[in-house]
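Down below is the structure, laid out as structure tokens.
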Amino acid sequence: PAVLYGHKQANVNLEVTSDQVKAAIRHGARLVDLAGDVQDTALIRQVQWDAFGVQVLHVDLSRVSTDEAVEVLLPIHLKGTAAGTREGGMVEHVKHEAKILCPAVSIPEHLTININNLHVGQSLTLAEVPLPSGAKLLTDDRSQRLMARGIARDRTDRVPIRMLEESR
């Protein structure tokens, strides 16, 4: 089952096959063309899965036109190996997703930022995440929210552990 809503039109309950929904998700589709009793373009807003994540239980679809911009929450992926890891540091991924306003036809599966030049003591902000053409960052305080930062590893002394023989 699925529900189609939006554009100040009545909600429509639909029946879609699980295989079609899985195929669309597997190929990274966010925008789908509906055919059959209802012919419309829709954005996949939410998919509910069974407890094992195998079967699709329900899909929420929002009507969109191909020339409109929509708000979407996207995961942020870090790409590369931070220079700070070679300096003895590690990367702390602080912000894992961001909300953007994006043309419906160019919604990416995720946002990616290259961290190869991230050194210990440096940080990246959401404002530095490359966006698709025509997209705008909507997450608040974009220059203040850390997206990733290079931090020094905790250099505590390590105490050797001695294995004791089992008593018989």
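Figures for the structure shown
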read-out	value
Choice from Ala83, Ala42, Ala51 with maximal GNM fluctuation in the chain (Cα, 10 Å cutoff)	Ala51
CD proxy at 222 nm, helix term only [per DSSP H run n ≥ 4: -39500 (n - 2.57); per residue of the chain; nearest 500]	-2000 deg cm²/dmol
Contact order relative to length of the chain, as percent, for alpha carbon pairs under 8 angstrom and 6 or more apart	19
Alpha carbon centroid spacing (whole Å) that separates region 84-135 from region 1-44	30
Neighbour cut-off at most 15 other Cβ (10 Å), DSSP loop, GluC sites (Glu not before Pro), region 75-135	Glu87, Glu109
The chain - accessible surface per residue (Å², probe 1.4 Å)	68
Cut-off under 5 Å, modelled amide H: who pairs with Leu14 long-range	Ala2, Val3, Leu4
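The values are calculated or read from the model by the stated rules, or taken from the named source; none is laboratory data. This one's a predicted model, so the numbers in the text were calculated from it and none came from an experiment. Neighbour counts run over all protein chains shown; Cβ positions are idealised from the backbone, glycine included. Quick note on the areas: whole protein, heavy atoms, side chains included, nothing else; ligands and nucleic acids left out. Shrake-Rupley method; radii C 1.70, N 1.55, O 1.52, S 1.80 Å.
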